[in-house]
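Chemist: The structure is given below, and queries will be raised subsequently.
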Amino acid sequence: MRPGQFIGRGVFFVHHCPVGEKAKPMPQNVFAPWTDPQAKPLIRFENVTKRFGDFTAVDDLSVDIYEREFFALLGPSGCGKTTMMRMLAGFETPTSGTIMLDGKDISPVPPNKRSVNMMFQSYALFPHLTVYDNIAFGLKRDKLPAEQIDARVKEMLRLVQIERFAQRKPDQISGGQRQRVALARSLAKAPKLLLLDEPLSALDKKLRQDTQFELMDIQEKTGTTFVIVTHDQEEAMTVASRVAVMNFGKLIQVDTPTQIYEAPNSAYVADFIGDVNIIEGNATVDGERVLISWAEGQPDIIGTPAQPVAPGRVSFVIRPEKIAISSEKPTDRRNAVHGKVLDIAYLGNMSTYHVEMPDGTVIKATAANQRRRDSLPYTWEDPVWLSWTDTAGVVLAE
Amino acid sequence: MNLRRTSLIAVPYFWLGCLFLIPFLIVFKISLSDAALSIPPYTPKLELSEGWAGVRDMFSQFDFENFEFLATDDLYWKSYLSSVQIALISTFMCLLVGFPMAYGMARAPQVWQPTLMLMVILPFWTSFLIRVYSLIGILSQEGMLNQFLTWIGVISEPLTILNTNIAVYIGIVYTYLPFMILPIYATLIKLDGSLLEAAEDLGCSRTEAFWRITVPLSKAGIIAGCFLVFIPALGEFVIPSLLGGSETLMIGKVLYEEFFSNRDWPVASAVAVILLLILIVPIVLYQRNEQRLIEAEQ
Ligand SMILES: Nc1ncnc2c1ncn2[C@@H]1O[C@H](COP(=O)(O)OP(=O)(O)O)[C@@H](O)[C@H]1O
Ligand SMILES: [Mg+2]
């Protein structure tokens, strides 16, 4: 793990910590072409729908992806992520709508003529060719001069650090090495756009985390636009400049990792990314703030919505790590509720306390474990106070 | 552990010994003997009653006369050569017909595959002889094929197919086609479709992807299919004698005549031994080559 690695596009992450509070202030030249109305997207999906029989895998989807972006598609299995990639690569044609690459409709272009390369979920390395020949495969199809191919293959081998295995066959190297070969092979032709379909899903956690950083380094070095599919939210948050949360063939929210985490636009996104408390209630608007009555005999929750909300049913969404736990009633925070500890999930570096309110609602709060386990500050059945500031949570209209 | 491994290996060797090595040694022994008017029709015979001296006596009478005889009469080497030629050409034709069929089967929708497979092996449910006889009915001058071709107006005179080498080719290809299709199908069905997509993604056209990915990856099936067709076709006897003509020269026919018409068991055995050598040499060469490739990779 490399804590506090600078990723270059203007987001400063502390790896493996909840992204939220640790995100440092943005450096000067922020990479955010999606905020620039003049910027031309590299890829544009315009009302793209893909049906298989009467099943709609991708549903009227529109999105712009910009050059040099590291764009992550995040969603549960079967939500249409691979289908989106396959339409970009040219293996599926949209049922309706257009996909533009560099401003041109790519539907008439066959896969072998697109400057898009794909790293397959299964790697799809050619078993009868050596690592070297696998990487050279695409270059040879371009009929480049032999020295040029050789130079490029060696460069790729160096980039992904597999020079030693150049003459091995794919079944003579480990899973992690195979994944590097697949990456090198798809990068060799210097595509405008690289598609990565769950590239790291076959790796164990430690290797996966290391590789995520390598992917970012490589993306930075080559300047290629990456679209990565994943169902691992932590992975999406780590590598991506923007994350698109997908469900049932639709994009629910497309935003930077910080925004996705801190300002989810729906309970679905909030629930999908990380741990969250969702409290439903009735809102009354009080200037900037919103008062949410959520349970008999409990004080209203005071929240500050990002967008103005109309009075009525709302969901109040708050991350467990934004809630402080104490034995005395705190005085410095607007929201404080009293309850008793129902359950404790010990995670090593921190613990999640499940606190039951008098009305039966359970609210989760995490606290760092500053002491050893046998001296946790609270235990089962302890009465405790939970508190948070009025900007800690998100208010979402139903 | 070691004992277990040894006994595991011992089973196939035992099998090979019983079903191949011992019969071969018997045939080889007969090929070194001389023809005689007796039962069985060769000499020397092993006189076990004379004990060790009998064995030595038998060995002293062995010679390679029969093999020398095969070399002097050009009927034999011409038959071998013609057999090899017919077997090679039929193997190639089987491949030409069989590969597209196997490819089509492997690409067919999943629900169709058991049916297609059944259709390929269905002919085995009828006796081989009956199928060859029915080919006579189809290929003869007044046969169905000629009638059909005349009827659609492709030909005005009936073609002479039966009793020519062409009929032999048709017979062999028809009979051995499943042996070509099945191993190729088995390798093609295992072929990961994403490899072809990857090849296309990297700039191959569909045809190029076929030659660069599908064909090399089905090599094992192609080679197995070719051996499965070539080996029995080389020694084929029924098809050339029923469908072939007087000019069709195949070693299987010669072998049959030496054994049953001439009752010259030693010469017939010598013919069989040489036939076996012709078959073993390419197999051994192929195996050695594979072995070397595997070792080179490690
Ligand atoms: N070729 C196909 N024919 C029929 N259904 C398909 C096909 N490809 C994908 N689907 C369906 O489309 C849905 C989305 O699939 P996919 O894009 O692979 O999801 P994922 O997000 O897991 O990658 C799935 O329910 C899948 O069953
Ligand atoms: Mg998928």
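Chemist: Hand me the list of helices (runs of 4 or more DSSP H) wholly inside region B:50-107 holding 2 or more residues that are closer than 17 Å to B:F179 by Cβ. If you could, list the steps in order and put the result at the bottom.
Modeler: Working: elements: B:52-61, B:65-72, B:74-107.
Because the criterion is at least 2 residues that are closer than 17 Å to B:F179 by Cβ, the helices (runs of 4 or more DSSP H) in region B:50-107 that meet it are B:74-107.
Chemist: Additional query: Which condition breaks for A:L157 when tested against (1) in contact with a Phe, Trp or Tyr (Cβ under 8 Å, 6 or more places away or on another chain); (2) within 14 Å of chain B (Cβ to nearest Cβ)?
Modeler: (2)
Chemist: If you go through region A:176-189 one residue at a time, do you hit one that is under 30 Å from the mean Cα position of the chain (by Cα), outside any helix (DSSP H, G or I) and under 21 Å from B:A199 (Cβ atoms)?
Modeler: In the first step, residues of region A:176-189 are kept if they are under 30 Å from the mean Cα position of the chain (by Cα); the result is A:176-189.
From what is left, the residues that are outside any helix (DSSP H, G or I) are A:188-189.
Keeping just the survivors that are under 21 Å from B:A199 (Cβ atoms) gives A:188-189.
Within region A:176-189, one or more residues are under 30 Å from the mean Cα position of the chain (by Cα), outside any helix (DSSP H, G or I) and under 21 Å from B:A199 (Cβ atoms).
Chemist: Can you pull out the residues in region B:195-212 that are surrounded by fewer than 17 Cβ atoms within 10 Å (Cβ to Cβ) and either touching a residue at least 24 places away in the same chain (Cβ under 8 Å) or within 7 Å of another protein chain (Cβ to nearest Cβ) (or both)? Spell out the reasoning first.
Modeler: At the first step, the residues of region B:195-212 found to be surrounded by fewer than 17 Cβ atoms within 10 Å (Cβ to Cβ) are B:205-208, B:210-211.
The answer is B:S205, and nothing else.
Chemist: Within region B:164-186, identify whether any single residue is within 14 Å of chain A (Cβ to nearest Cβ) and closer than 30 Å to A:L125 by Cβ, and answer yes or no. If you could, list the steps in order and put the result at the bottom.
Modeler: Here is the first cut: in region B:164-186, the ones within 14 Å of chain A (Cβ to nearest Cβ) are none.
No - not one qualifying residue is present in region B:164-186.
Chemist: Determine if region B:16-26 includes at least one residue that is buried (at least 16 other Cβ atoms within 10 Å of the Cβ), within 32 Å of the chain's Cα centre (by Cα) and in contact (Cβ under 8 Å) with a residue 40 or more places away in the chain. Before you say what the answer is, go through the steps one by one.
Modeler: Within region B:16-26, the first condition is being buried (at least 16 other Cβ atoms within 10 Å of the Cβ), and the residues that meet it are none.
The answer is no; no qualifying residue exists.
Chemist: Which count do you get for residues in region A:51-82 that are without any contact (Cβ under 8 Å) to a residue 60 or more places away in the chain and within 14 Å of ligand 1 (Cβ to nearest atom)?
Modeler: 6
Chemist: Here is a follow-up. Taking the conditions exactly as written (more than 23 Å from B:L118 (Cα to Cα), out of contact with any Lys or Arg (no Cβ under 8 Å at 6 or more places or on another chain) and either away from chain A (no Cβ under 14 Å) or hydroxyl-bearing (S, T, Y) (or both)), does B:V215 satisfy them or not? Spell out how you get there, then give the answer.
Modeler: On the way: more than 23 Å from B:L118 (Cα to Cα): yes; out of contact with any Lys or Arg (no Cβ under 8 Å at 6 or more places or on another chain): yes; either away from chain A (no Cβ under 14 Å) or hydroxyl-bearing (S, T, Y) (or both): no.
Spelling it out, it is not the case that B:V215 is more than 23 Å from B:L118 (Cα to Cα), out of contact with any Lys or Arg (no Cβ under 8 Å at 6 or more places or on another chain) and either away from chain A (no Cβ under 14 Å) or hydroxyl-bearing (S, T, Y) (or both).
Chemist: Give the number of residues within region A:221-233 that are more than 16 Å from ligand 1 (Cβ to nearest atom) and surrounded by 19 or more Cβ atoms within 10 Å (Cβ to Cβ). Don't jump to the end; show me each part of the working.
Modeler: Taking region A:221-233 as the starting set, the residues that turn out to be more than 16 Å from ligand 1 (Cβ to nearest atom) are A:221-226.
Keeping just the survivors that are surrounded by 19 or more Cβ atoms within 10 Å (Cβ to Cβ) gives A:224-226.
Adding up the residues that qualify gives 3.
Chemist: Is it true that B:I223 is at negative phi and at pLDDT 95 or above? Talk me through it step by step, then tell me what you get.
Modeler: Details: at negative phi: yes; at pLDDT 95 or above: no.
So B:I223 does not fit the description; no.
Chemist: Now a separate question. If A:D271 satisfies all but one of (1) acidic (D, E); (2) closer than 29 Å to A:I323 by Cβ; (3) touching a residue at least 60 places away in the same chain (Cβ under 8 Å), what's the number of the condition it fails?
Modeler: (3)
Chemist: Determine which member of the set A:L194, A:L139 is more than 16 Å from ligand 1 (Cβ to nearest atom), under 26 Å from A:D102 (Cβ atoms), assigned to a strand (DSSP E or B) and within 14 Å of chain B (Cβ to nearest Cβ). Steps first, please.
Modeler: Working: A:L139 fails: assigned to a strand (DSSP E or B).
Of A:L194, A:L139, the one residue that is more than 16 Å from ligand 1 (Cβ to nearest atom), under 26 Å from A:D102 (Cβ atoms), assigned to a strand (DSSP E or B) and within 14 Å of chain B (Cβ to nearest Cβ) is A:L194.
Chemist: I would also like to ask the following. Determine which member of the set A:R158, A:R152, A:R141 is charged (D, E, K, R), within 33 Å of the chain's Cα centre (by Cα) and surrounded by 17 or more Cβ atoms within 10 Å (Cβ to Cβ).
Modeler: Going through A:R158, A:R152, A:R141 in turn, just one is charged (D, E, K, R), within 33 Å of the chain's Cα centre (by Cα) and surrounded by 17 or more Cβ atoms within 10 Å (Cβ to Cβ): A:R152.
Chemist: Of these, A:M119, A:M156, which one is under 20 Å from A:L187 (Cα atoms) and within 16 Å of ligand 2 (Cβ to nearest atom)? Explain how you work it out, then say what you get.
Modeler: Numbers: A:M156 fails: within 16 Å of ligand 2 (Cβ to nearest atom).
Matching residue, one of A:M119, A:M156: A:M119.
Chemist: Give the residues of region A:160-178 that are away from chain B (no Cβ under 14 Å) and of a type in the set (S, T, N, Q), sorted by residue number.
Modeler: Filtering region A:160-178 down to residues away from chain B (no Cβ under 14 Å) leaves A:160-164, A:174-177.
Across region A:160-178, the qualifying residues are A:Q161, A:S174, A:Q177.
Chemist: Any chance region A:92-105 includes a residue that's crowded, with 20+ Cβ neighbours inside 10 Å and either near ligand 1 (Cβ under 8 Å from one of its atoms) or hydroxyl-bearing (S, T, Y) (or both)?
Modeler: no
Chemist: Given the structure, is A:S387 polar (S, T, N, Q) and either under 24 Å from A:R289 (Cβ atoms) or in contact with a Gly (Cβ under 6 Å, 6 or more places away or on another chain) (or both)?
Modeler: Values: polar (S, T, N, Q): yes; either under 24 Å from A:R289 (Cβ atoms) or in contact with a Gly (Cβ under 6 Å, 6 or more places away or on another chain) (or both): yes.
Yes; evaluated as a whole, the condition is true for this residue.
Chemist: Among (1) among the aliphatic types (A, V, I, L, M); (2) surrounded by fewer than 15 Cβ atoms within 10 Å (Cβ to Cβ); (3) in contact with a Leu (Cβ under 8 Å, 6 or more places away or on another chain), which single condition is B:V267 missing?
Modeler: (2)
Chemist: Determine whether A:E147 is under 24 Å from A:M85 (Cα atoms), assigned to a helix (DSSP H, G or I) and either more than 16 Å from ligand 2 (Cβ to nearest atom) or not aromatic (F, W, Y) (or both). Lay out the reasoning, then the answer.
Modeler: Values: under 24 Å from A:M85 (Cα atoms): no; assigned to a helix (DSSP H, G or I): yes; either more than 16 Å from ligand 2 (Cβ to nearest atom) or not aromatic (F, W, Y) (or both): yes.
So A:E147 does not fit the description; no.
Chemist: Could you say which residue among A:P170, A:P199, A:P127 is buried (at least 21 other Cβ atoms within 10 Å of the Cβ) and in contact (Cβ under 8 Å) with a residue 12 or more places away in the chain?
Modeler: On the way: A:P170 fails: buried (at least 21 other Cβ atoms within 10 Å of the Cβ); A:P127 fails: buried (at least 21 other Cβ atoms within 10 Å of the Cβ).
Within the list A:P170, A:P199, A:P127, the selection yields A:P199.
Chemist: Another one. Just for region A:276-317: of the residues that are assigned to a loop (DSSP other than H, G, I, E, B) and in contact with an Asp or Glu (Cβ under 8 Å, 6 or more places away or on another chain), which one is nearest to A:S387 (Cα to Cα)?
Modeler: To start, the set of residues in region A:276-317 that are assigned to a loop (DSSP other than H, G, I, E, B) comprises A:276, A:287-288, A:294-300, A:304-311.
Now drop any that are not in contact with an Asp or Glu (Cβ under 8 Å, 6 or more places away or on another chain), which leaves A:294-298, A:304.
Numbers: A:W294: 15, A:A295: 16, A:E296: 18, A:G297: 17, A:Q298: 13, A:T304: 15 Å.
The extreme case among them is A:Q298.
Chemist: Further question: If you check B:L217, B:L277, B:L285, B:L255, which single one turns out to be closer than 30 Å to A:D142 by Cβ and without any contact (Cβ under 8 Å) to a residue 40 or more places away in the chain?
Modeler: Values: B:L277 fails: closer than 30 Å to A:D142 by Cβ; B:L285 fails: closer than 30 Å to A:D142 by Cβ; B:L255 fails: closer than 30 Å to A:D142 by Cβ.
Only one candidate qualifies: B:L217.
Chemist: Do any residues in region A:208-235 that are more than 14 Å from chain B (Cβ to nearest Cβ) and within 16 Å of ligand 2 (Cβ to nearest atom) have Cβ atoms under 8 Å from those of residues that are of a type in the set (V, I, T) and in a helix (DSSP H, G or I), where the two are at least six apart or on different chains, and which pairs are they?
Modeler: A:I228/A:V239; A:V229/A:T82
Chemist: Looking at region A:88-107, can you tell me whether even one residue there is within 16 Å of ligand 2 (Cβ to nearest atom) and over 13 Å from A:L196 (Cα atoms)? I'd like the intermediate steps shown before the answer.
Modeler: As a first pass, look at region A:88-107 and keep what is within 16 Å of ligand 2 (Cβ to nearest atom): A:88-89, A:91-92.
This time we only want the ones that are over 13 Å from A:L196 (Cα atoms), so: A:91-92.
For region A:88-107, residues within 16 Å of ligand 2 (Cβ to nearest atom) and over 13 Å from A:L196 (Cα atoms): present.
Chemist: Looking only at region A:69-86, which residues are near ligand 2 (Cβ under 10 Å from one of its atoms) and either over 20 Å from A:M100 (Cβ atoms) or in contact with a strand residue (DSSP E or B) (Cβ under 7 Å, 6 or more places away or on another chain) (or both)? I'd like the intermediate steps shown before the answer.
Modeler: Pass one, region A:69-86, residues near ligand 2 (Cβ under 10 Å from one of its atoms): A:73, A:75, A:77-86.
Within region A:69-86, A:L73, A:G75, A:S77, A:G78, A:C79, A:G80, A:K81, A:T82, A:T83, A:M84, A:M85 qualify.
Chemist: Can I ask one more? Determine, yes or no, whether A:V48 is within 16 Å of ligand 2 (Cβ to nearest atom) and either in contact with a Gly (Cβ under 6 Å, 6 or more places away or on another chain) or acidic (D, E) (or both). I'd like the intermediate steps shown before the answer.
Modeler: Values: within 16 Å of ligand 2 (Cβ to nearest atom): no; either in contact with a Gly (Cβ under 6 Å, 6 or more places away or on another chain) or acidic (D, E) (or both): yes.
No; evaluated as a whole, the condition is false for this residue.
The values are calculated or read from the model by the stated rules, or taken from the named source; none is laboratory data. Predicted model only: the values in this text are computed from it and were never measured. In this analysis, Cβ positions are derived from the backbone assuming ideal geometry, glycine residues included, and neighbour counts consider all displayed protein chains.
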